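> Encoded as structure tokens, here's the structure I'll be asking about.
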Amino acid sequence: MDSNSGNSLYQSAQSDRLAFWADQARALHWHRPFTKTLDWSNAPFATWFEDGQINASYNALDRHVIEGRGNRIALLFEGEPGDTQTYTYQELLAETKKAANALLGLGIQSGDRVAIYMPMIPETVIAILAVARIGAVHSVVFGGFSSDSLRSRINDAQAKLVITADGGFRKGKAYGLKEAVDHALADESCPSIENVLVVQRTKQDVLMTSKDIWWHDALAKADHEHIAVGFDAEHPLFILYTSGTTGKPKGILHTTGGYLTGVSYTHKNVFDLKAETDVYWCTADVGWITGHSYVVYGPLTNGATQVIYEGTPDSPSFERWWQIIAKYKVSIFYTAPTAIRTFMKIGREIVDGHDLSSLRVLGSVGEPINPEAWHWYREVVGGGRCEIVDTWWQTETGSIMISPIPGAFKTKPGSAQRPLPGITVGIVDENGVPVKTTPKGSEAGYLTIDEPWPSMLRGVWGDPERFKETYWDRFPGKYFAGDGARFDEDGDIWLLGRIDDVIKVSGHRLSTAEIESALVEHRWVAEAAVVGAKDEITEQAVVAFVILRQDALDDAPGEANIAKILRSWVSEKIGAIARPRQIMVVAELPKTRSGKIMRRLLKDVAEGRPVGDVTTLADSSVMKAIDAKLHSGATD
Ligand code: WT7
């Protein structure tokens, strides 16, 4: 973007914030235009564009076809085995219409919840848009999550249908998804589910029961025409579960008009999208918010051409991503710092052999990007000529909140810098008082968002109290993000990581409490404490400390094996991303006199630091014992 248009966005947002947002919303197609912008009278429950009506699928598809962009490529799909498929907007619309009719045929109605448990393939995008098209509410569950995690999400949302696939391809092999669905539904454990729609991807054998229907059969029978109607702007669009500070993931609810406004505005401006010429690629899986906002809704409402890739960066070799960028001439690339650090460690040769001259804008998301990784991204991947946008946001914020805008000002390695036009943030101390800034910057404090924004979460599914308590009670009137931050001498924002019990592993969000509950579900485990320990590649890694039950000590297969078995247990219970890097069996956990586990001390141990102040411990010898054990090498 030339600096003028970036700057004019800041100016117009500053002169009239609500008029600015109304303008952004009007860039979408409204079945019925809105007249009201924001109602904050029932804070923290906001409504945006309340009297308008809109259809998300229409904005992602029909609109482009109607306005003459039907032959533009929407998806360039690269399967892991090397198979490819291309969908124009016209073709994607045709499939989505059939899928919408198939859903209606299965009795899915506006407001019903549909779980989607899929690999990264075009049908996943089609399924999402088909659900949205008929006003149903999707709940995408990342395909790497376990059947237990899928079951609890299905039950919490009371989903009527699951859309899944026989499996997908990963690291050179086919893995199964349908069998995990079967397992989740076994023994009537998800009574709300009426049907399972199964996409054939890998052609592996799957068990089809009377409630299971092949996607291709259902679409073959479905009517080709489907007219999208408008839904109220505040009609629920999706639920996406994310980890919080308790053992139970929360269903973050996003609604239609405000969410679409946020994602299309940010996708266009943060990435400086030129939809006619750019080829965009975001490496996130649709199972995460990044996939929802910057693979599905943002790029498609903006009429972008994008790559989607099924597999991991290392399959068949670490050349794969760079081959894909060169092959499709990707110009905007969006990925996580973890991936950059992995490639840094391997060495630049793996990147250097490819023609990446098409790249223009590079995005980063999920965790702070350290300056070394930022420079490497810019020089080695971006050839020193690309803009880097370090984008801070969350599942709850729906769209990017803090990020540079290309060309608007000079970027700075390691800092996400400034709130986007239309977004107001602050940094406060314990008491909610804005941190003092001096010419040298500020102290670290808590990041808050100080005014409502269109794509903000509208609640926690089924738990309005939790929504208020978690986000709004700590600093009344402000949204509490859960991150620490500080201002530097230029007033730029540096994100300092989570200050709660949420940890980030390779950009994925996990809850220490959730992993602890999974551990204590095992019959050997009496107590567990989990911390996020610093990791060179993944930013944080899961380290668990467990106390065994006496009976386990009698029949368990030795400590090293126990640790191994418990690590696999966690992946079975939650998913492979939650598998602890290390499990230490300990005799006791460090607790305060009031019985609270002192994770700070465990973190010291896990990160190999001398253990800090133990004076508040009920029994100060506990840490000595743990430390001694660590140094004797008796760990996992
Ligand atoms: C948490 C939200 C938003 C998409 C992916 C993650 C951390 C995210 C950055 C960044 C520093 C970041 C924060 C935030 N985070 N982006 N650019 N710099 N930290 O979504 O899983 O909801 O996690 O990710 O800690 O709170 P999420």
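> With the checklist (1) within 19 Å of the chain's Cα centre (by Cα); (2) in contact (Cβ under 8 Å) with a residue 40 or more places away in the chain; (3) more than 12 Å from the ligand (Cβ to nearest atom) in hand, flag the one item D314 doesn't pass.
(1)
> Provide a single number: the residues in region 540-576 that are open to solvent by 40 Å² or more (accessible area, probe 1.4 Å) and under 21 Å from the mean Cα position of the chain (by Cα). Don't jump to the end; show me each part of the working.
Filtering region 540-576 for residues open to solvent by 40 Å² or more (accessible area, probe 1.4 Å) gives 549-551, 553-555, 557, 559-561, 564-565, 567-569, 572-573, 576.
Restricting the remaining residues to those that are under 21 Å from the mean Cα position of the chain (by Cα) gives 572-573, 576.
Summing the residues that are open to solvent by 40 Å² or more (accessible area, probe 1.4 Å) and under 21 Å from the mean Cα position of the chain (by Cα) in region 540-576 gives 3.
> Only one of (1) outside any loop (DSSP other than H, G, I, E, B); (2) more than 20 Å from T266 (Cβ to Cβ) fails for D473. Which number is that?
Here D473 clears every test but (1).
> Can you tell me which residue within region 135-152, out of those that are open to solvent by less than 10 Å² (accessible area, probe 1.4 Å) and out of contact with any Gly (no Cβ under 9 Å at 6 or more places or on another chain), is nearest to I308 (Cα to Cα)?
Here the residue is H138.
> E234 fails exactly one of the following numbered conditions: (1) open to solvent by less than 30 Å² (accessible area, probe 1.4 Å); (2) in contact with a Ser or Thr (Cβ under 7 Å, 6 or more places away or on another chain). What is the number of that condition?
Only one criterion in (1) open to solvent by less than 30 Å² (accessible area, probe 1.4 Å); (2) in contact with a Ser or Thr (Cβ under 7 Å, 6 or more places away or on another chain) is unmet by E234, namely (1).
> Is it the case that W281 is open to solvent by 40 Å² or more (accessible area, probe 1.4 Å) and of a type in the set (F, W, Y)?
So W281 fails the test.
> What is the one condition in (1) in contact with a Ser or Thr (Cβ under 6 Å, 6 or more places away or on another chain); (2) in a strand (DSSP E or B) that E572 does not satisfy?
Condition not satisfied by E572: (2).
> Got at least one residue in region 47-57 being surrounded by fewer than 20 Cβ atoms within 10 Å (Cβ to Cβ) and either out of contact with any Lys or Arg (no Cβ under 9 Å at 6 or more places or on another chain) or part of a helix (DSSP H, G or I) (or both)?
So far as region 47-57 goes, no, none of its residues is surrounded by fewer than 20 Cβ atoms within 10 Å (Cβ to Cβ) and either out of contact with any Lys or Arg (no Cβ under 9 Å at 6 or more places or on another chain) or part of a helix (DSSP H, G or I) (or both).
> Oh, and also: Any chance you could count how many residues in region 491-527 are within 16 Å of the ligand (Cβ to nearest atom), open to solvent by 40 Å² or more (accessible area, probe 1.4 Å) and among the aliphatic types (A, V, I, L, M)?
Number satisfying all stated conditions: 2.
> Additional query: Would you pick out the residues in region 58-72 that are in contact with a Phe, Trp or Tyr (Cβ under 8 Å, 6 or more places away or on another chain) and either buried (at least 16 other Cβ atoms within 10 Å of the Cβ) or modelled with pLDDT under 95 (or both)?
Listed by number, the residues that qualify are A60, L61, H64, V65, R69, G70, R72.
> Answer yes or no as to whether T88 is closer than 30 Å to F475 by Cα, free of Cβ contacts under 8 Å to residues at least 40 places away in the same chain and either open to solvent by less than 30 Å² (accessible area, probe 1.4 Å) or in contact with a Leu (Cβ under 6 Å, 6 or more places away or on another chain) (or both).
For T88, the condition - closer than 30 Å to F475 by Cα, free of Cβ contacts under 8 Å to residues at least 40 places away in the same chain and either open to solvent by less than 30 Å² (accessible area, probe 1.4 Å) or in contact with a Leu (Cβ under 6 Å, 6 or more places away or on another chain) (or both) - is not met.
> Something else: I want to confirm something. Restricting to region 237-248 and keeping residues that are at pLDDT 95 or above and within 14 Å of E514 (Cβ to Cβ), which single residue is nearest to the ligand (Cβ to nearest atom)?
Within region 237-248, the match that is nearest to the ligand (Cβ to nearest atom) is T242.
> Can I ask one more? Got a number for residues in region 578-595 being part of a loop (DSSP other than H, G, I, E, B) and either of a type in the set (G, A, S) or at pLDDT below 95 (or both)?
8
> Given the residues P371, P421, P413, P434, which is the only one that is without any contact (Cβ under 8 Å) to a residue 12 or more places away in the chain and under 19 Å from D492 (Cβ atoms)?
Within the list P371, P421, P413, P434, the selection yields P434.
> Mind checking whether some residue in region 469-478 is open to solvent by 20 Å² or more (accessible area, probe 1.4 Å), at negative phi, within 12 Å of the ligand (Cβ to nearest atom) and without any contact (Cβ under 8 Å) to a residue 60 or more places away in the chain?
No - not one qualifying residue is present in region 469-478.
> Test each condition in (1) more than 13 Å from the ligand (Cβ to nearest atom); (2) part of a strand (DSSP E or B) for D483 and report the one that comes out false.
(1)
> Criterion first (more than 15 Å from the ligand (Cβ to nearest atom) and open to solvent by less than 10 Å² (accessible area, probe 1.4 Å)) does G462 satisfy it? Let's see the steps before the verdict.
Details: more than 15 Å from the ligand (Cβ to nearest atom): yes; open to solvent by less than 10 Å² (accessible area, probe 1.4 Å): no.
Against the criterion (more than 15 Å from the ligand (Cβ to nearest atom) and open to solvent by less than 10 Å² (accessible area, probe 1.4 Å)), G462 does not qualify.
> Oh, and also: Quick one: would you say T256 is over 13 Å from A115 (Cβ atoms), hydroxyl-bearing (S, T, Y) and away from the ligand (no atom under 16 Å from the Cβ)?
Against the criterion (over 13 Å from A115 (Cβ atoms), hydroxyl-bearing (S, T, Y) and away from the ligand (no atom under 16 Å from the Cβ)), T256 qualifies.
> Looking for whichever is surrounded by 22 or more Cβ atoms within 10 Å (Cβ to Cβ), out of contact with any Ser or Thr (no Cβ under 6 Å at 6 or more places or on another chain), modelled with pLDDT of 95 or more and outside any helix (DSSP H, G or I) here; the options are L273, L300. Which one fits?
Unique residue meeting the criteria: L273.
> Counting just the residues of region 427-450 that are within 23 Å of the chain's Cα centre (by Cα) and of a type outside the set (V, I, T), which one comes out surrounded by the fewest Cβ atoms within 10 Å (Cβ to Cβ)?
D450
> Taking region 1-23, which residues are crowded, with 18+ Cβ neighbours inside 10 Å and in contact with a Gly (Cβ under 7 Å, 6 or more places away or on another chain)?
Those that are crowded, with 18+ Cβ neighbours inside 10 Å and in contact with a Gly (Cβ under 7 Å, 6 or more places away or on another chain): M1, G6, A13, R17, F20, W21.
The values are calculated or read from the model by the stated rules, or taken from the named source; none is laboratory data. Given the structure is predicted, the values throughout are model-derived calculations rather than measurements. With ideal geometry, Cβ positions are generated from the backbone for all residues, glycine too; neighbour counts draw on all protein chains shown. Just the protein is used for accessible areas: all its heavy atoms, side chains included, with ligands, DNA and RNA removed. Shrake-Rupley method; radii C 1.70, N 1.55, O 1.52, S 1.80 Å.
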